[in-house]
Amino acid sequence: ETGVTQSPTHLIKTRGQQVTLRCSSQSGHNTVSWYQQALGQGPQFIFQYYREEENGRGNFPPRFSGLQFPNYSSELNVNALELDDSALYLCASSLSGPNIQYFGAGTRLSVL
Amino acid sequence: AQSVTQLDSQVPVFEEAPVELRCNYSSSVSVYLFWYVQYPNQGLQLLLKYLSGSTLVKGINGFEAEFNKSQTSFHLRKPSVHISDTAEYFCAVRDQAGTALIFGKGTTLSVSS
C-alpha cells in the first residue's frame, strides 16, 4: 500500500508566475484535500476534491484552483504568485465519510 | 466557526519524563478530534484520533489523549518521552461540514538528555 506522494519536493518561483503542484492519493482513497502551512503556523485548509468536484473551500482567493483526476490524483494551481504564497503545501487523502486525512511530505514553495 | 487552541507554544522536557500537550476546541454538537506530529522538514503523521466511544484514545509511539466534553479539551500525554519525540505537535478538529481539518498553531516538544 503506497502512501500519499507529492511532487516536486521543492520549488522556487518569482512573483507573478504560475505554479502547479501534484499529489497522488493513498491507495483506496477517493478524496483529496490541500493545505497551506506558513512558517511557524498550523496548516490552513485550501480546498477538498471528491469525485473530481470541489467539495469545500477555505478562505483562499480564486487564483488558487485545483483538479482531481479519475484515478483520484490531484493538482493545485496557483496563478499570479505573491511573496506571501511562500509556504509548505500539504496534500492529504482520505475516504469520504469519516474523512480521516493522511498527509504527504509536502511541497515547499519559495516565491522570490 | 470552530477553532482549536493549543495552550503551550513550546514544551521543553527531559528524556524519560512525562509530558502533556494541551488542546482546547470550540464546542460543537459532535466533534472528531485529531493529533498529528510533524518532524523537521516532513509532512504530518497521524498520532491518534477521537471519533466516538471511549474517551481515552491510544495512538502510536506510546501517546494517548483524553477527550473531555465538559472542558472541551483533548490533551495529549506520554508517560515517558524519548529524544526522538522532539517534533511539532498539532491538534485538529474536523469542521462541521465534514471536509476541513481546523488546526491549532502547534506545540514544539523539545526533549533533551
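Readers should treat all values here as calculations from the given coordinates under stated rules, not as data from a laboratory. From a predicted model like this one, the values you see are computed outputs, not experimental measurements. Cβ: placed from backbone, ideal geometry, glycine included. Neighbour counts: every protein chain shown.
So here's what we get for this one:
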item: Two-decimal log10 I(q)/I(0) for the protein assembly as shown, as the Debye equation yields it once each C-alpha is a single scatterer, q = 0.09, 0.11, 0.18 Å⁻¹; result: -0.36, -0.54, -1.33
item: Neighbour-count order for A:LEU67, B:LEU101, A:LEU81, A:LEU39, fewest beta carbons within 10 angstrom listed first; result: A:LEU39, A:LEU67, A:LEU81, B:LEU101
item: Net +/- balance of residues flanking A:GLY16 in space, Cβ distance below 14 Å, scoring K and R +1, D and E -1; result: 0
item: Pair B:GLU66, A:GLN18: separation of 7 Å Cα→Cβ label points (nm); result: 5.4 nm
item: Antiparallel DSSP beta bridges within chain A, percent to nearest 5; result: 90 percent
item: Residue mean of other protein chain beta carbons inside 10 Å, A:37-46; result: 5
item: Partner chain coverage, peptide B:92-103 - average Cβ within 10 angstrom; result: 6
item: Fraction of the pair-distance distribution of segment B:61-113 above 17 Å, Cα-Cα pairs, percent; result: 49 percent
item: Those GluC sites (Glu not before Pro) in segment B:12-113 that DSSP places in a loop and that have at most 16 other beta carbons within 10 Å; result: B:GLU15, B:GLU16
item: Calculated Rg and Dmax of chain A using C-alpha coordinates, Å; result: 13.1, 40
item: log10 of Debye I(q)/I(0), alpha-carbon scatterers only, for segment A:49-91 at 0.19, 0.34 Å⁻¹; result: -0.65, -1.34
item: Mean separation of Cα contacts under 8 Å (6+ apart) over length of chain B, as relative contact order %; result: 37 percent
item: Radius 11 Å from Cβ of A:GLN68, net charge of other residues (Lys, Arg +1; Asp, Glu -1); result: -3
item: Radius of gyration and Dmax over the Cα atoms of chain B, both given in Å; result: 13.5, 44
item: Relative contact order %, segment A:10-64, counting alpha carbon pairs below 8 Å whose residues are six or more apart; result: 21 percent
item: Relative contact order computed over chain A (Cα-Cα under 8 Å; 6+ residues apart), in percent; result: 37 percent
item: Exposure proxy order (Cβ contacts within 10 Å, fewest to most) of A:ASP84, B:ASP8; result: A:ASP84, B:ASP8
item: Estimated distance in nm for a label pair at A:THR9 and B:ASP8, the labels positioned 7 Å out from Cα along Cα-to-Cβ; result: 3.2 nm
item: For segment A:23-65, diffusion coefficient by Stokes-Einstein and Kirkwood Rh (Cα), 37 °C, 0.692 mPa s, µm²/s; result: 286 µm²/s
item: Sites A:ARG51 and B:LYS105, calculated FRET efficiency, Cβ-Cβ separation with R0 41 Å, nearest 0.05; result: 0.80
item: Full-stretch length increase - B:ALA97, B:GLN42 - with 0.36 nm per residue and alpha-carbon distance subtracted; result: 17.0 nm
item: Sum of side-chain charges, A:GLN101 neighbourhood, beta-carbon under 14 Å (Lys, Arg +1; Asp, Glu -1); result: +1
item: Sorted by Cβ neighbour density within 10 Å, fewest at the top, the residues A:TYR35, A:TYR89; result: A:TYR89, A:TYR35
item: Coil-residue trypsin sites (Lys or Arg not before Pro) of segment B:42-90, DSSP, other Cβ within 10 Å capped at 12; result: B:LYS69
item: Integer Hz, Karplus 6.51/-1.76/1.60 couplings in order for segment B:15-23, x for Gly and Pro; result: 4, 6, 7, x, 9, 9, 10, 9, 9
item: Label-point separation in nm, B:HIS82 to B:VAL29, each point 7 Å along Cα→Cβ; result: 4.3 nm
